[in-house]
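Notes follow the structure.
The values are calculated or read from the model by the stated rules, or taken from the named source; none is laboratory data. For clarity, every value in this text was computed on a predicted model and none was experimentally measured. Here the Cβ positions follow ideal geometry from the backbone for every residue, glycine too, while neighbour counts run over all protein chains shown. Heavy atoms of the whole protein, side chains included, go into the accessibility calculation; ligands, DNA and RNA do not. Shrake-Rupley method; radii C 1.70, N 1.55, O 1.52, S 1.80 Å.
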Amino acid sequence: MQEHTESHEPVDSVMTYALVFLALIAATVITTAVAFVDLGAFSVVVALAIAICKMLLVVLFFMHVRHSAKLTKLVLLGGVLWFLILMGMTYTDFGSRTWMGVPGR
Amino acid sequence: MHSEEQTLALREQFDTAAQQRDASTLGMWIFLITEVMFFGGMFLAYSIYRGKYPDVFAVASSSLNVYIGAANTVVLLCSSFTMVMAVRASQLGKRSGIIFWLILTLILGMTFLGVKAFEWNEKFEMHHVPGMAGFHLDGVGTSQGPASIFFSLYFAMTGLHAMHMVVGVGILTMLIFQAKAGKFSAEYWTPVDISGLYWHFVDIVWIFLFPLLYLIDRHLK
């Protein structure tokens, strides 16, 4: 008795998963190699940008969020927002004290 | 009790099987968001201290073995691939496929934990364990305090991550037995699906831990 409703989850092909997997491995190799290059302050930016790309691949494909209900996507965005509040507000607090060396202050 | 209409795939409080699946997925995501906040506090502490002691963190990070870390990242990514294949097999109702891919995932997960144990052991041998007598990191001079902050964060973050892996290994073992007992079908695969979400989440935590702990200013060395 299989339900064929609109929200029935489609099954992704093995090829899709294999390509995502290869992209993840390639990104791991790149991020390791780039760490040995002197990019100054941008080295952490590049490392985080690659990590965020890898996270998006895992979330959208392996965790099926691209097929998920709108409510699930909305809740996820809410979670991201709360995480940014945690980080952002603490940085503004520490950054505005003399505890950390912020350039230009 | 009128149980004729009630199955694992469609319990009485839901209108359709799809609605029940969406509810399970949403519930799991809400749990995972609490986990994001849980790990988030540690990432926050890490970034504040890295901002305060950038040079010591660079030296301490370079004392970790980047090749072992990268290899372990690959092991974990492989386990995410085998997990998603197990979920796919469950969506198609292939019992032997579920068991095959879950066992592979289990082996890869335990491989990761074995490598992690090896790395931790190395820290004990090199006197890089904060709080233990004789803690010393070469190359930072008298800044042994900030160096021990790095290793405290290293042990707390990789330790919490490994604890999640141990829980994941337990979940996988349970799923393998349930799959063998024929609990899952093309109509009902929710436990495999949401366990997959958990496993991938733990993978994502490592995706961030690897560059943040192992790859700080490697070029300085």
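Numbers for the structure displayed
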| item | result |
| --- | --- |
| For B:12-21, mean number of other protein chain Cβ atoms within 10 Å | 3 |
| Three-way shape call for region A:3-67 based on the alpha-carbon gyration tensor, with the a/c threshold at 1.5 | oblate |
| B:MET28, B:MET110, A:MET89, reordered so the largest accessible area comes first (probe 1.4 Å) | A:MET89, B:MET110, B:MET28 |
| Simple Cβ-charge dipole of the protein assembly as shown, Lys/Arg +1 and Asp/Glu -1, about Cα centre, in debye nearest 20 | 500 |
| Helix-only mean residue ellipticity at 222 nm for chain B, each DSSP H run of n ≥ 4 adding -39500 (n - 2.57), per residue, nearest 500 | -25500 deg cm²/dmol |
| 13 Å beta-carbon shell around B:THR73, net charge (K/R +1, D/E -1) | 0 |
| Net charge dipole size for chain B [Lys, Arg +1 and Asp, Glu -1 on Cβ; Debye, nearest 20] | 360 |
| Sites B:PHE124 and A:LYS70, calculated FRET efficiency, Cβ-Cβ separation with R0 56 Å, nearest 0.05 | 0.65 |
| Shielding score for B:165-172, defined as the mean number of other chain Cβ atoms within 10 Å | 0 |
| Solvent accessible area, Å² - B:THR82, 1.4 Å probe, full protein context | 10 |
| Taking only Cα atoms of region B:1-114, radius of gyration then Dmax in Å | 21.1, 69 |
| Neighbourhood charge, 12 Å Cβ-Cβ cut-off, centred on B:TRP101 and excluding it, Lys, Arg +1 and Asp, Glu -1 | +3 |
| Alpha carbon convex hull of chain B, volume per residue in cubic angstrom | 136 |
| Residue among B:ILE107, B:ILE30, B:ILE68 with the largest mean-square fluctuation in a Gaussian network model of chain B, springs linking Cα atoms under 10 Å | B:ILE30 |
| Listed pairs B:LYS52/B:LYS123; A:LYS70/B:LYS116; A:LYS54/B:LYS94; A:LYS54/B:LYS52; A:LYS73/B:LYS123 exceeding 31 Å between Cα atoms | A:LYS70/B:LYS116; A:LYS73/B:LYS123 |
| Shielding score for B:205-213, defined as the mean number of other chain Cβ atoms within 10 Å | 5 |
| Dimensionless Rg/Rh of the protein assembly as shown - Kirkwood Rh, Rg from C-alpha atoms | 1.02 |
